[in-house]
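Undergrad: Okay, here's the structure, questions in a sec.
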Amino acid sequence: MKVVQSLNQNAVIVLDQGKEVVLTGKGIGFGKKVGDEVDTSKISKIYQFEYTSQQKLIVDSIKEVPEDILLITEDLLDKVEDQLNDHFAPFTTITFASHLHHAIERTKQFKTANISLQHEFKHIFPKEYQAAIFAIDYLESEHDIQIDDLEVTFFIMHFLNGLQKIDNMETMLELGNIINDILNILNRHLMHEFDANNIFYSRFIVHLRYFLMRKLNNNESKASELEELFDYISAKFSRAKGIVEEFMQLLSDQYQLTVEKSEQLYLILHVQRLLDELEE
């Protein structure tokens, strides 16, 4: 493997079987010039890429990231993958390292992120939320790096993007806003404050999450025989039906989303279960 470009002392672009790849590893780029052979024993990660404009920007961003941050990020994301029992897409390490570098600088300058969806994301993406909390604790305990807790939201975004569970960041932010708006409507109708850790509340959040992700990604649910039960369920659980109607008005007016009766039916049943739980 011969060096095509040295990005920093811990990252190089090399030619491997006729294709350019990014190699990272402690000291792998130290003193290397174009045409030099790399020490393959120092390789920690291999990133295959094509010269799309987006990938070129990602690769170029390595030059702006302190060399130790890239290796710390690789260590961290290996642990996070174990936490999530999943694998990140290529280049997640590089994009996360860039964010981590700026997050460290913001924390040092006492500048906090201007985003407040942490509470919502805790319930919408519980596994990723726990992984983000773990990441912040791990960075401090293992690498003596302190990160503001408000970065949790951004860590969750990067994890979801790296796991390719969300098409883009804007979709996830919109998802968080919609669920927050729906929960505000629900809480106005509940007689008492609801325990956010209640299993029925959690199931309701999970249903909202997947249903809204389908809507935001323009994936319509198939016609269902359940629609035939809609009128019966609506009459039987009229209070829950009224709350869901407010959800529908919100989705239509503010987010231009329409919802099939089969989906409304599930929402009515979830809301009714929450109402029953409070009255027991």
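The values are calculated or read from the model by the stated rules, or taken from the named source; none is laboratory data. Quick caveat: nothing in here was measured; it's all calculated off a predicted structure. Using ideal geometry, Cβ is built from the backbone for each residue, glycine included, and neighbour counts are taken over all protein chains shown.
Undergrad: Please enumerate the residues belonging to region 1-13 that are touching an Asp or Glu at 6+ places or on another chain (Cβ under 7 Å) and not charged (D, E, K, R).
TA: MET1, VAL3, VAL4, ASN8, GLN9, ASN10, ILE13
Undergrad: Next question. Is it the case, given these coordinates, that THR40 is out of contact with any His (no Cβ under 9 Å at 6 or more places or on another chain), outside the structural domain of GLU142 (by TED's automatic domain parsing) and among the hydroxyl-bearing types (Ser, Thr, Tyr)?
TA: So THR40 passes the test.
Undergrad: Among the residues of region 227-262, count how many are exposed (fewer than 14 other Cβ atoms within 10 Å of the Cβ), polar (S, T, N, Q) and part of a helix (DSSP H, G or I).
TA: 4
Undergrad: OK, next. What number goes with the only condition from (1) in contact with a Phe, Trp or Tyr (Cβ under 9 Å, 6 or more places away or on another chain); (2) surrounded by 16 or more Cβ atoms within 10 Å (Cβ to Cβ); (3) touching a residue at least 40 places away in the same chain (Cβ under 8 Å); (4) part of a helix (DSSP H, G or I) that LYS79 does not pass?
TA: (2)
Undergrad: Now, a different point. Take the residues in region 184-197 that are modelled with pLDDT of 75 or more and surrounded by 12 or more Cβ atoms within 10 Å (Cβ to Cβ), then tell me which one is farthest from ASP276 (Cα to Cα).
TA: Among residues in region 184-197 that are modelled with pLDDT of 75 or more and surrounded by 12 or more Cβ atoms within 10 Å (Cβ to Cβ), the one farthest from ASP276 (Cα to Cα) is ILE185.
Undergrad: Regarding region 12-21, can at least one residue be identified that is polar (S, T, N, Q), within 30 Å of SER141 (Cβ to Cβ) and without any contact (Cβ under 8 Å) to a residue 60 or more places away in the chain?
TA: No - not one qualifying residue is present in region 12-21.
Undergrad: Inside region 82-92, can you point out the residues that are part of a helix (DSSP H, G or I) and surrounded by fewer than 16 Cβ atoms within 10 Å (Cβ to Cβ)?
TA: Once the filter is applied, which keeps residues that are part of a helix (DSSP H, G or I) and surrounded by fewer than 16 Cβ atoms within 10 Å (Cβ to Cβ), region 82-92 yields only ASP82.
Undergrad: Tell me which residues, restricted to region 10-60, are assigned to a strand (DSSP E or B), at pLDDT below 80 and under 20 Å from HIS99 (Cα atoms).
TA: If the condition is that a residue be assigned to a strand (DSSP E or B), at pLDDT below 80 and under 20 Å from HIS99 (Cα atoms), then TYR47 is the only one that fits.
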